[in-house]
Amino acid sequence: MTLLSSHLLLFSAVHRRTPPPCTTVFRWNKPTIDGTVRFLRSPVMTAVVLDQRVARFVVPAAAEDLLYNAGATVGVLGGAYALVRAFDQLTRRNILHQQGLSRKLVHILSGLLFLVSWPIFSNSPKARYFAAFVPLVNCLRLLVNGLSLASDEGLIKSLTREGDPQELLRGPLYYVLILIFCALVFWRESPIGVVSLGMMCGGDGVADIIGRKYGSIKIPYNQNKSWIGSISMLVFGFLVSIGILCYYSVLGHVQLDWASTVPRVAFISLVATIVESLPITEIVDDNISVPLVTMAVAFFTFH
């Protein structure tokens, strides 16, 4: 009896041993209460949560602003290049028979389109540098072609009176330098830059076109200027300046008291027109004298 009991106890101990640590326990796959899944014949382990999300990559605000302004710069550069190329093609096909007319239309439209493009850039203080890069590229093109380091016939025909590349180093070069200066110094927050560019682009540009065509009655103290040209500069310079200021005001870049702004802009336009009519073109180019005098008068007027 004792021997039989010992044998049974030994047999029972053998068959009740616990599985070794490396033994794998299998279970059927079925969803659990907490939304996890255990797969068929998979070992018991920490289950994978299906609704776990991978953290979204977030672009830093500074990098996003940089990319945005870089894209705006490329777009405005493309528009400026397309404008010059368009007038070049119009001149080549004799649609614009006068090279001077093509030059003045580029003079008017390029500056005004540059002004209109400023709100495209972001509200970052560094946005003005991206905007100023556009005329800077054109400045480098003028220097390269004006110094005869390269020859872009389309550019020369569109921006010169007689097709001389050295003309690019005078009026057109001063023009883009003023654009750079206004973008960097005044930007969208000040009406001074807007009025200065409005008088240089809209006023002076239109005055030349109308004065050459209808300017039979000359100003007594300057036979190279006409009454109709000066009147055109006064009217169109004033209207363009007010129009751009309204554009910026609607977009929230400037806040103006229009009851006092309108007479101030009218006074500035009158002074700029008088300066443009003076016989000093051989000494100081209009693209320098008109915007600089406008800036000075606007600075004291608006302050």
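For segment 138-155, what are the residues that are crowded, with 17+ Cβ neighbours inside 10 Å and within 22 Å of Leu90 (Cβ to Cβ)? Even if it seems obvious, please write down each step before you answer.
Taking segment 138-155 first, the residues crowded, with 17+ Cβ neighbours inside 10 Å are 138-139, 141-142, 145-146, 152, 155.
Result: Asn138, Arg141, Leu142, Asn145, Asp152, Leu155.
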Residues (loosely packed, with under 15 Cβ neighbours inside 10 Å and touching a residue at least 40 places away in the same chain (Cβ under 8 Å)) located in segment 282-303: Phe299
Given the conditions (1) open to solvent by 20 Å² or more (accessible area, probe 1.4 Å); (2) hydroxyl-bearing (Ser, Thr, Tyr); (3) within 22 Å of Leu101 (Cα to Cα), which single one is not true for Ser158? (1)
If I filter segment 230-253 for residues that are touching a Lys or Arg at 6+ places or on another chain (Cβ under 8 Å), open to solvent by less than 40 Å² (accessible area, probe 1.4 Å) and under 19 Å from Asp285 (Cα atoms), do I get at least one hit? no
Please work out if Pro172 is modelled with pLDDT of 90 or more, open to solvent by 20 Å² or more (accessible area, probe 1.4 Å) and within 25 Å of Ile95 (Cα to Cα). yes
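Out of Pro119, Pro135, I need the residue that is touching a residue at least 24 places away in the same chain (Cβ under 8 Å), buried (at least 21 other Cβ atoms within 10 Å of the Cβ) and part of a helix (DSSP H, G or I). Which one? Reasoning before the result, please.
Working: Pro119 fails: buried (at least 21 other Cβ atoms within 10 Å of the Cβ).
When all the criteria are applied, what remains is Pro135.
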Residues that are touching a helix residue (DSSP H, G or I) at 6+ places or on another chain (Cβ under 7 Å) and not in a helix (DSSP H, G or I): does segment 169-186 have at least one? yes
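Going by the conditions given, is Tyr214 open to solvent by 70 Å² or more (accessible area, probe 1.4 Å), among the hydroxyl-bearing types (Ser, Thr, Tyr) and out of contact with any strand residue (DSSP E or B) (no Cβ under 8 Å at 6 or more places or on another chain)?
Working: open to solvent by 70 Å² or more (accessible area, probe 1.4 Å): yes; among the hydroxyl-bearing types (Ser, Thr, Tyr): yes; out of contact with any strand residue (DSSP E or B) (no Cβ under 8 Å at 6 or more places or on another chain): no.
Criteria not met by Tyr214.
The values are calculated or read from the model by the stated rules, or taken from the named source; none is laboratory data. Everything numeric here is computed off the predicted structure, so don't read it as measured data. Positions of Cβ are generated from backbone atoms using ideal geometry, with glycine treated the same way; all protein chains shown enter the neighbour counts. These accessible areas exclude ligands, DNA and RNA; they are computed on the full protein's heavy atoms, side chains included. Shrake-Rupley method; radii C 1.70, N 1.55, O 1.52, S 1.80 Å.
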